[in-house]
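The values are calculated or read from the model by the stated rules, or taken from the named source; none is laboratory data. Quick caveat: nothing in here was measured; it's all calculated off a predicted structure. Ideal geometry is used to build each Cβ from the backbone, glycine not excepted, and the neighbour counts take in all protein chains shown. What goes into the accessible areas is simple: the full protein's heavy atoms, side chains included, and nothing from ligands, DNA or RNA. Shrake-Rupley method; radii C 1.70, N 1.55, O 1.52, S 1.80 Å.
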Amino acid sequence: MLVNLKSVLEKAQKEKYAVGLFNTTDTDMLEAAISAAEELRSPIIIGTAEVLLPYGELKLIAPSIIEAAKRASVPVVVHYDHGLTFERCMEALKLGFSSVMFDGSAGKYAKNIADTAEIVKIAHAFGATVEGEIGHVGEASSMDNDASNMYTKISEAQDYFSATGVDALAVSIGTAHGAYKSKPKLDFTRLSEIHDELPIPLVLHGGTGIPADMIKKAISLGVAKINVNTECQLYFQEATRKYIEEGKDLEGKGFDPRKLLAPGAEAIKATVKEKMELFGSVNKA
Ligand code: 13P
């Protein structure tokens, strides 16, 4: 069933588990992720992001994600991840996404607030929800330098929430997008302070490669949504490479290029299941 973010995250935050967001750019990934959720009776958030649009155009991929969500036997949020422009967020809402993230975190604070407030007003009229970001979650590839100047400031998060009314907030506490070069260091004191001050579910971006104990601690401190993308792609790639190197694509009668996608999709399904176990969302549908 197609639901919005609020309906899955409030329960998750209260019962101290997190719902995973997994980005998909085609129907093989989509079906792999949803079947993992159905088998484990877990809610799931299926996303696509503005930076992923070159791999799957919004107008083409939206109908399949929305249809898959509607017929799923578990709650599925269809979320536009890291919307970078007002126009694209509007397009996602008109196409039927039940949730959008507006990420104005790389721009000016005042503009981020003004744009987010406007998007929240419109999204709520659609029955959809909005995730915002304060502070800025960067890329793991450029994490050599101390990134703490980009961390979420508690006073800004409070102001941002009261000015915009977002339904969930992505926080910057030391995670980053992509594969970490070394073990991440997370600012749990800051996370705990943000959680004490804000009544909404918190979101951790850059879910790839965060050790299990840190994930559990983040959930205990108010994180109710964790985004994972790179890890799914890495295991997809590894499984496909192995399949070809072992010559399995040439087995049987004739060559069928569609067979090439099956091992990758299975790898994504296994990764999604593993994350659901770790995030504690199994049997919470
Ligand atoms: P990773 O690619 O590091 O898993 O991060 C995903 C993410 O935060 C998408 O918004």
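Annotations
- Lysine pair number, Cα distance threshold 17 Å (strictly under), the range 61-162, separation 8 or more or different chains: 5
- All Cα pairs of the range 24-180, percent lying beyond 29 Å: 20
- Fluctuation leader among Thr85, Thr208, Thr116 - the chain, Gaussian network, Cα springs under 10 angstrom: Thr85
- Neighbour-limited loop hits for GluC sites (Glu not before Pro), the range 1-108 (at most 13 other Cβ within 10 Å; DSSP other than H, G, I, E, B): Glu57
- When all protein chains stay in place and ligands, DNA and RNA are ignored, the 1.4 Å accessible-area order of Asp81, Asp28, Asp196, largest first, is Asp196, Asp28, Asp81.
- Comparing Ile215, Ile244, Ile34 in a Gaussian network model of the chain, where Cα atoms under 10 Å apart are tied by springs, the biggest mean-square fluctuation is seen for Ile244.
- Between helix 188-197 and the chain: long-axis angle, C-alpha atoms, 0 to 90°, nearest 10: 60
- Residue order by solvent-accessible surface for Tyr55, Tyr151 is Tyr55, Tyr151, largest first, with ligands and nucleic acids left out and a 1.4 Å probe.
- Estimated FRET transfer efficiency when R0 is 45 angstrom, pair Ile244-Thr85 (beta carbons, to 0.05): 0.75
- Rounded to the nearest 20 debye, the dipole magnitude of the range 152-276 is 360 debye, with +1 charges on Lys and Arg beta carbons, -1 on Asp and Glu beta carbons, and the Cα centre as origin.
- Carbon/sulfur fraction of accessible area - the chain, other protein chains in place, 1.4 Å, %: 54
- Loop-located trypsin sites (Lys or Arg not before Pro) across the range 3-97 with a Cβ neighbour count of 14 or fewer within 10 Å are Lys16, Arg41, with loop assigned by DSSP.
- Looking at the range 192-265, the accessible area is 51 square angstrom per residue; that uses a 1.4 Å probe and ignores ligands, DNA and RNA.
- Probe 1.4 Å, accessible area per residue of the range 1-152, Å²: 42
- Filtered GluC sites (Glu not before Pro), the range 230-279: DSSP coil and at most 15 other beta carbons within 10 Å: Glu246, Glu251
- Alpha-carbon centroid distance for the pair the range 226-257 / the range 17-53, whole angstrom: 18
- Distance from the Cα centroid of the range 142-173 to that of the range 83-111 is 17 Å (rounded to whole angstrom).
- Sequentially through the range 219-224, phi angles give Karplus couplings (6.51, -1.76, 1.60; θ = phi - 60°) of 5, 5, 9, x, 6, 10 Hz, Gly and Pro residues having no value and appearing as x.
- Backbone amide hydrogens, once placed in the peptide plane, bring Ala49 within less than 5 Å of Asp81, excluding anything fewer than 5 places away on its chain.
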